[in-house]
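Participant: Sending over a structure as C-alpha cells; questions will come in a sec.
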Amino acid sequence: MNTKAITLAASVSLTAALIAGACTTAMVAPDHHARALEIIKRDFKPRGQAGLDRLDADPVQAICNRTDNTPPVSIAHQMQNEQLATVAYPADGVLMGDWKKGEKLAQSGKGFTWKDKPGLPVGGNCYNCHQISPKELSFGTIGPSLFQIGKIRGNTPEMQKYVYGKIYNSKAFNLCSEMPRFGHIGALDSDQIKDLVALLLDPESPVNK
Amino acid sequence: MKNTISIGIALMLGVLPPLTFAQEKDATEAEFEKFRTEMEDSNPAELFEMKGEDIWNEKRGPKNVSLAESCDLGKGVGVVKGAYAAMPRYFADAGAVMDAERRIVWCMVEKQGFNFDDIAKKPFQGRNDTSAPDITNLVTYVAMHSKGMPFAVPLDDPKVKDAYLTGKEITKYRAGPYDFSCNTCHGVDGKRIRMQNLPNISTAAGAIKGVQGWPGYRMTGGIMLTHQWRINDCFRQQRFPEPRYASEVITDILTYMTGNANGQIYNGPGIKR
C-alpha cells in the first residue's frame, strides 16, 4: 500500500466515524436524512446517460451532505489535501493556453444531463455561475465575479497553478464548494483547462482589459 | 385568444435596441409582466382548465366512473374548491402523503381503473405535442379552484411534517457528476443562472415564487406544465437520473416547498417563461 492509499483509507474511516456519530445524535428524532436516502434510492430511474450510480454520494459529497456543507475543520483540511493530490498538472509545466478557446468553453453549458449525448466534449458552464468577460452580459451569480481576476491578482506561476487547480478540482481549496470538479471527473482535459486559465489570467484576454 | 397570445409573444421577442445588461433585463421583465397582465383576462390556462373540468365530470376508465363521483382530494368526494392549496396532505385510504397531481393519478388508477404505467409513460406535454395529457388538464382544473386562497399545507399532521422534513433533506442532497443539490441553485437569496432568477425555496418569500403560477402555461412552446414537471426538469439540470413519475421524492419536495409558502395567497394557474 502506498502512502496515498493509506491516507485515503484513514480518511474514509474518519468519515465513516463522523457519519456514525451524526447518526447516533439524530436517532432521537426520526432520522429524516436516512429516510431521504431511502427514498432517493427507490424513486429514480436511469434515463439516457444518467444512471442510478449518480445517486451515490462519494466521500466528499457524503460529508458535505451530512454536515450542511460545514465539516469539522480538521477533516475538511485532510480531505481537501486529498482532493489536491488528485490534481494532475501538465508535465511540461505550461498552464496557460488560448483564451479564445477558453471563452467558447466557458459559454457552453452542455453536457451530462439525461438529454445530452453521452461522452465528451462537454461545456464548462462557467457563465452559468460567474461574471467573466465584460462582453457577456448574461451571467449567473452563484459564484463570485471573475472579471479582471488576472489584472487584480496577477498571473504569476503560483496564481496560474491555483486557478488551474481550482478548475481541475474546486474541492481541493474549499471542500464543500458548489463548483463542479471539472478535471477530477474527467469533464475537461488538461488543454481545455489551460485555455480557461488563459481566459482568466492572460493579459490579452478581455477579462483583464 | 390564440391571436392575443402570439401577438404577446411577438412583442416579447420583438427587436429591442441594444441595451446594457441591467436595462435589457428590466425591459425583458417589464415586457413579460405587461404580457402577463394583459393575459390575465384571457389566461391561456383556462383552455386547459375547461378540458380538465370535462374530464373530471366524465365517466371514464375500465370502471366507468367519474372523478367527480369518486375522487376525494381531502375536502370530500368530488369537492375541488380549496383542495389544491391544502395539498400535499395525508390520505388515509392511500396511506400516503400526496400532492395534487399524485392524488389525481391515484384516483384515476384506484377509482377509474386506469393503468398507472400508461399514465406515467408520457405524463407531461412535450414541445411538439398539440394537446396536454389528461392529467395536466385535471390538475389545472383542480388548481383553478384554489385561486385566491392561502396555501395551507397541514404541517401539524405528523405524517405531513415527516414528509416536509424529508423533503428538506432531499433538497440538500448533493451527488452526481457536478456535486449539485437543489440548494446549489436555490439555497441562497438573490442568485441567478445566466439571466434567470433562482428563488431560495427555503424561505417563505422564495418558496412562494417557486410554487406561484404552477401549473403554468409556458410561453416558449405554448404548452401547459405542472409543478411535478418543474421538479422533474430541475433534477435533469442537477444531472441526476429521472425521478419516477408521481413518486414520493417529488411529493416530499413539494411538501417542503409548499409548506414554506403556507399562509400566502395562491393566484391560480399562471404563465411561465
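Participant: Residue check, A:P30 against (1) modelled with pLDDT of 95 or more; (2) closer than 26 Å to B:I231 by Cβ, all met but one. Which one?
Facilitator: Every condition holds for A:P30 apart from (1).
Participant: Turning to a different aspect of this structure: If you check A:L137, A:L175, A:L199, which single one turns out to be in contact (Cβ under 8 Å) with a residue 24 or more places away in the chain and over 19 Å from A:C64 (Cβ atoms)?
Facilitator: A:L199
Participant: Here is a further query. Identify all residues within region B:164-180 that are within 23 Å of B:M98 (Cα to Cα) and of a type in the set (G, A, S); write none if there are none.
Facilitator: B:G167 - this is the single residue of region B:164-180 that is within 23 Å of B:M98 (Cα to Cα) and of a type in the set (G, A, S).
Participant: Those residues that are more than 13 Å from A:L188 (Cα to Cα) and surrounded by 21 or more Cβ atoms within 10 Å (Cβ to Cβ), I need them from region A:100-112; list them, please.
Facilitator: Answer for region A:100-112, where residues must be more than 13 Å from A:L188 (Cα to Cα) and surrounded by 21 or more Cβ atoms within 10 Å (Cβ to Cβ): just A:E103.
Participant: Output yes when any residue across region B:193-211 is touching a Cys at 6+ places or on another chain (Cβ under 7 Å) and part of a strand (DSSP E or B), and no when none is.
Facilitator: Within region B:193-211, one or more residues are touching a Cys at 6+ places or on another chain (Cβ under 7 Å) and part of a strand (DSSP E or B).
Participant: Got at least one residue in region A:95-111 being facing chain B (nearest Cβ under 9 Å) and not in a helix (DSSP H, G or I)?
Facilitator: Yes - at least one qualifying residue is present in region A:95-111.
Participant: Quick one: in region A:139-198, of everything that is of a type in the set (A, V, I, L, M) and assigned to a loop (DSSP other than H, G, I, E, B), which residue is farthest from the other protein chains (Cβ to nearest Cβ)?
Facilitator: A:L146
Participant: Is it the case that some residue within region B:224-233 is of a type in the set (D, E, K, R), facing chain A (nearest Cβ under 10 Å), without any contact (Cβ under 8 Å) to a residue 12 or more places away in the chain and surrounded by fewer than 23 Cβ atoms within 10 Å (Cβ to Cβ)?
Facilitator: yes
Participant: Among the listed residues A:G102, A:G124, A:G93, A:G109, identify the single one that is of a type in the set (G, A, S) and farther than 30 Å from A:T156 by Cβ.
Facilitator: A:G109
Participant: Between a residue in region B:77-94 that is crowded, with 22+ Cβ neighbours inside 10 Å and any residue that is of a type in the set (K, R), which pairs come within a Cβ distance under 7 Å, given they are 6 or more apart or on different chains?
Facilitator: B:A83/B:K75; B:M87/B:R103
Participant: Consider only pairs whose beta carbons are under 8 Å apart and that are at least six residues apart or on different chains; among these, list those whose first residue lies in region A:64-76 and is under 13 Å from B:E169 (Cβ atoms) and whose second residue is buried (at least 17 other Cβ atoms within 10 Å of the Cβ) and among the hydroxyl-bearing types (S, T, Y).
Facilitator: Matching pairs, first to second residue: A:N65/B:Y173; A:N65/B:S181.
Participant: Report whether or not A:V122 is within 11 Å of another protein chain (Cβ to nearest Cβ), modelled with pLDDT of 95 or more and not in a helix (DSSP H, G or I).
Facilitator: Considered against the rule, which asks whether it is within 11 Å of another protein chain (Cβ to nearest Cβ), modelled with pLDDT of 95 or more and not in a helix (DSSP H, G or I), A:V122 comes out as yes.
Participant: Where residues in region B:172-184 are in a helix (DSSP H, G or I) and more than 7 Å from chain A (Cβ to nearest Cβ), which of them is surrounded by the fewest Cβ atoms within 10 Å (Cβ to Cβ)?
Facilitator: B:N183
The values are calculated or read from the model by the stated rules, or taken from the named source; none is laboratory data. Treat the numbers as computed from the prediction; the structure is a model and nothing was measured. All Cβ positions, even for glycine, are placed from backbone atoms using ideal geometry, and neighbour counts span all protein chains on display.
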